[in-house]
């Protein structure tokens, strides 16, 4: 195990372990978004409608939302290493079944197994706290956070290329290869980690969080197909918010699956961190919908699909490159300062796309700034969530922040798609880009709830 002096470099075995964690994170993040750009192709392959194939994406998101806090708690109670090495083969099985699925039902069931990927990042973050020296932990939190975000973004970019070259099964074979390599690396290099066994699972609270997330996801992603959507969508939204409010109430009233009372004394910072993840995810995924649509549309730039996808690459590259810098910025600027810098960069990029001339160089610059800014805020939000938890609760404490990011991504993508569908032809892209700029600015407002100081705030509970 790594030296815990705070100044030691990573030992060679620890380098192999964190490399395995990075591979596991990217390999499980890719499938979360790969299905989205290829739903129509999948519908043609299985002889069904695009509306039916949306369950290929929705099922994964639902399982990821429900399973993330449960997997995180199991990891904290029964050793994160043991749970991660158990979960990764199940995800690999889901990828294998998806690559060989003969019917749409088989594909949906396989994608449900892949949804367990929602719990991989919390486990990886918990393991990082155990094998990385304290001085380097913020850096590796940033690396893993940006790996997850850029992997999700890269999945949407790579999907079309893979399908055009090798067909829809390629959407499963590439991440499967990465997950298998990650499992081998972790088996070889990841040291044993003790189990705390100090917290009960509290199934009711976990189900409340999952039910709230599922209701919101269904309202966002399935709205066009729901019966009487003007009635069912508001009901689902209300039910989801009520379930999440009930879950939050259980968190505040006592020891629960995610935080103890000591952490909730800093609940303002905790709420701010989750709002940043929610709003940042919404801004990022709304961009992934609106920007390619603008580039490819006749009332936009009228360029090719390849160019539309290429414009997402600066955001993806910026997420991967800048996210790790959040730990370094935090030492100089503090928690709030770091998050505010990220939110300002994202808002600047979104504003460029909204108000500046819609030319390729400007859109490229806006995409890069938005991706870089969101990456910094993601890492800052995750770091705060981890520091507010006790040392034995890292996986479960980070899971809701990741769930908030996924919900935000679904909300942003759904909102952007709805705006582009219902707005007038001449104004629909201005409206979509304006919403993205507003979401980015809202991230900056949410940073007010973060502490300014640079000292650690980890609870002792």
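Miscellaneous remarks
- A crude spin-label estimate for the pair residue 238 and residue 297, with each label 7 Å from Cα along the Cβ direction, gives 3.2 nm.
- Residue 52/residue 228 FRET efficiency (R0 22 Å; Cβ-Cβ; nearest 0.05): 0.65
- Exposure proxy order (Cβ contacts within 10 Å, fewest to most) of 276, 355: 355, 276
- Considering helices alone, the calculated mean residue ellipticity of the chain at 222 nm is -26500 deg cm²/dmol, with DSSP H runs of length four and up weighted by -39500 (n - 2.57) and normalised per residue.
- Label-point gap, in nm, between residue 86 and residue 109 - each point 7 angstrom along Cα→Cβ: 2.3
- On the beta carbon distance between residue 332 and residue 355, with R0 = 35 Å, the FRET formula returns roughly 0.70.
- Sorted by Cβ density within 10 Å, fewest first, the residues 387, 359: 359, 387
- Value of relative contact order over the stretch 265-450, rounded to a whole percent, pairs C-alpha under 8 Å and six or more apart: 42
- In nm, spacing of pseudo-spin labels at residue 187 and residue 364 (7 Å Cα→C-beta vector): 4.4
- Cα-based shape type of the stretch 388-447, given that a ≥ b ≥ c are square roots of the gyration tensor eigenvalues and the cut on a/c is 1.5: oblate
- For the stretch 12-65, fraction of C-alpha pairs farther apart than 13 Å, in %: 65
- The stretch 123-172 and the stretch 363-406: distance between their alpha carbon centers, rounded to Å: 13
- Take every Cα pair under 8 Å whose residues are at least 6 apart in sequence, average their separation, divide by the length of the stretch 341-388, and the relative contact order is 47 percent.
- Residue order, fewest to most beta carbons within 10 Å, for 393, 298: 298, 393
Since every read-out is calculated from the coordinates, none of them should be taken as a lab result. The model shown is predicted, which means the values in this text are computed figures rather than measured ones. Note that we place each Cβ from the backbone using ideal geometry, even for glycine, and neighbour counts take in every protein chain shown.
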